[in-house]
Amino acid sequence: YSILVCVTILLFFISMWSTHNAIVRVKRHELEIVRRNLENARCNLKQQASHGLEGGMERIYSAVVTWGIYEKQVQEIIEWPYNAGIIRRLAVTILSPGIIYLIKILFGSRLGI
């Protein structure tokens, strides 16, 4: 039983390893782009403010806010396709037969089963 459980868990996590790597790679790439554009927009906004040019500041400020929101969204992307519910179901699935077997041993010996 323990070998079957270990192989099942291993297959469960290994099957999604390539998906995890792809998500991490794309997330890093997107964050590099976002941070570069966000830094450029911030520099432009600082230059506009230091020179007292108010004409294009709203457009630049809008770009800073947009890039900031996008950065937050990219950072919130989950890198593993598993959530707590899936892990809980996996644990219950793995532990259930063992718990049932223990109950059978405990109550079976008392009841003579």
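The values are calculated or read from the model by the stated rules, or taken from the named source; none is laboratory data. From a predicted model like this one, the values you see are computed outputs, not experimental measurements. Here Cβ is always computed from backbone atoms with ideal geometry, including for glycine, and neighbour counts include all displayed protein chains. Quick note on the areas: whole protein, heavy atoms, side chains included, nothing else; ligands and nucleic acids left out. Shrake-Rupley method; radii C 1.70, N 1.55, O 1.52, S 1.80 Å.
Relative contact order of the chain, taken over Cα pairs closer than 8 Å and 6 or more residues apart, is 31 percent. Figure legend: label point modelled 7 angstrom from the Cα of Arg89 along Cα→Cβ; residues of region 1-28 with amide N under 18 Å from it are 8-17. Taking only alpha carbon atoms, region 1-67 gives an Rg to Rh ratio of 1.48, where Rh is the Kirkwood radius.
By accessible area, using a 1.4 Å probe on protein heavy atoms only, the chain has 65% of its surface on carbon and sulfur. For the chain, the per residue solvent-accessible surface stands at 79 Å², with DNA, RNA and ligands left out and a 1.4 Å probe. Only alpha carbons enter this Debye calculation for the chain, each as an equal point scatterer, and the log10 of I(q)/I(0) it gives at q = 0.11, 0.14, 0.16, 0.21 Å⁻¹ is -0.62, -0.77, -0.86, -1.08.
Calculated mean residue ellipticity, 222 nm, the chain: -29500 deg cm²/dmol, from DSSP H runs (n ≥ 4) at -39500 (n - 2.57) each, averaged per residue and rounded to 500.
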